[in-house]
1. How many residues are more than 10 Å from chain B (Cβ to nearest Cβ), part of a strand (DSSP E or B) and over 30 Å from B:Gln56 (Cβ atoms) if we restrict to the range A:75-112?
2. Name the residues in the range B:1-38 that are acidic (Asp, Glu) and modelled with pLDDT under 95, would you?
3. In the range A:63-74, what residues are surrounded by fewer than 22 Cβ atoms within 10 Å (Cβ to Cβ) and either touching a residue at least 24 places away in the same chain (Cβ under 8 Å) or in a strand (DSSP E or B) (or both)?
4. Exactly one of these conditions fails for B:Ala81: (1) of a type outside the set (Phe, Trp, Tyr); (2) at the interface with another protein chain (Cβ under 8 Å from one of its Cβ atoms); (3) outside any strand (DSSP E or B). Give me its number.
5. Within the range B:29-78, restricting attention to residues that are in contact (Cβ under 8 Å) with a residue 24 or more places away in the chain and of a type in the set (Ser, Thr, Tyr), which residue is nearest to the other protein chains (Cβ to nearest Cβ)?
6. Do any strands (runs of 3 or more DSSP E) lying entirely in the range A:8-62 carry at least 2 residues that are under 22 Å from A:His82 (Cβ atoms), and which ones are they?
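The values are calculated or read from the model by the stated rules, or taken from the named source; none is laboratory data. Remember, it's a predicted structure, so these values are computed and weren't measured experimentally. Cβ placement follows ideal geometry from the backbone for every residue including glycine, while neighbour counts extend to all protein chains displayed.
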Amino acid sequence: AQSVTQLDSQVPVFEEAPVELRCNYSSSVSVYLFWYVQYPNQGLQLLLKYLSGSTLVKGINGFEAEFNKSQTSFHLRKPSVHISDTAEYFCAVRGSQGNLIFGKGTKLSVKP
Amino acid sequence: DGGITQSPKYLFRKEGQNVTLSCEQNLNHDAMYWYRQDPGQGLRLIYYSQIVNDFQKGDIAEGYSVSREKKESFPLTVTSAQKNPTAFYLCASRTTSGAYEQYFGPGTRLTVT
């Protein structure tokens with residue numbers, strides 16, 4: 001069975017500092033991984049996805065993630081965060097029925 | 001302008017009443033999904049449908065029902081049998097070929113008192 005673990009429920013960081021949001025997955029089938037962002041009281045927006053190919057994936061808003069098969073990880077990174085990046089971030093793996101299996105989320109709080 | 005719409009944004013009901021949440025998409029997607037979101041719990045799958053007139057239970061289907069009479073529409077009914085219905089409900093859709101990502105609606109916050 002597939003599962004996703006987001007290791008940090010909250011990450012506080014100062015503006016313009018780098019940030020890494022950690023995600024580990026478990027999957028017995030082909031791995032397709034996603035990061036979504038959710039602003040308060042809104043739906044989820046896709047940041048980036050890994051389906052195959054290059055293990056470094058670039059997404060929107062300056063985010064990138066690296067797929068590491070040996071460590072079963074898909075950590076999200078940004079070299080310099082802005083106040084506007086304050087949101088909740090979800091890592092997800094594709095399930096066997098085409099559904100998404102989500103982690104519990106990481107709340108990123110960017111402070112001035 | 002293609003997308004997924006959910007209505008209403010906020011919904012209030014008394015305990016014991018059934019309530020139906022609307023989800024419509026004009027993306028021509030075959031598959032549609034309903035998730036429930038609670039603080040600190042991530043998103044959990046309620047029901048999904050990969051084709052019209054067919055749907056399957058997800059991980060937490062008890063107390064919910066759905067229908068898929070049209071490709072564009074996938075309404076969710078929260079019945080009085082759902083013991084803790086207050087939550088944020090998200091609808092999503094995707095194509096069944098090629099890309100695997102799901103597109104989400106803006107959500108409906110249901111409060112039952």
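1. Counting residues in the range A:75-112 that are more than 10 Å from chain B (Cβ to nearest Cβ), part of a strand (DSSP E or B) and over 30 Å from B:Gln56 (Cβ atoms) gives 9.
2. If we filter the range B:1-38 for residues that are acidic (Asp, Glu), which is where we start, we get B:1, B:15, B:24, B:30, B:38.
Hits for the range B:1-38 are B:Asp1, B:Glu15, B:Asp30, B:Asp38.
3. If the condition is that a residue be surrounded by fewer than 22 Cβ atoms within 10 Å (Cβ to Cβ) and either touching a residue at least 24 places away in the same chain (Cβ under 8 Å) or in a strand (DSSP E or B) (or both), then A:Phe63, A:Glu64, A:Glu66, A:Phe67, A:Asn68, A:Lys69, A:Gln71, A:Thr72, A:Ser73 are the ones that fit.
4. Against the list (1) of a type outside the set (Phe, Trp, Tyr); (2) at the interface with another protein chain (Cβ under 8 Å from one of its Cβ atoms); (3) outside any strand (DSSP E or B), B:Ala81 comes up short only on (2).
5. B:Tyr33
6. Strands (runs of 3 or more DSSP E) meeting the threshold: A:10-14, A:19-21, A:33-38, A:44-50, A:56-58.
The rows are residues; the columns are (1) crowded, with 16+ Cβ neighbours inside 10 Å; (2) at pLDDT 95 or above; (3) under 21 Å from B:Asp54 (Cβ atoms).
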{"site": "B:Lys70", "(1), (2), (3)": "no, yes, yes"}
{"site": "B:Ser73", "(1), (2), (3)": "no, yes, yes"}
{"site": "B:Gln82", "(1), (2), (3)": "yes, no, no"}
{"site": "B:Ala87", "(1), (2), (3)": "yes, yes, no"}
{"site": "B:Thr95", "(1), (2), (3)": "yes, no, yes"}
{"site": "B:Tyr100", "(1), (2), (3)": "yes, no, yes"}
{"site": "B:Tyr103", "(1), (2), (3)": "yes, no, yes"}
{"site": "B:Thr108", "(1), (2), (3)": "yes, yes, no"}
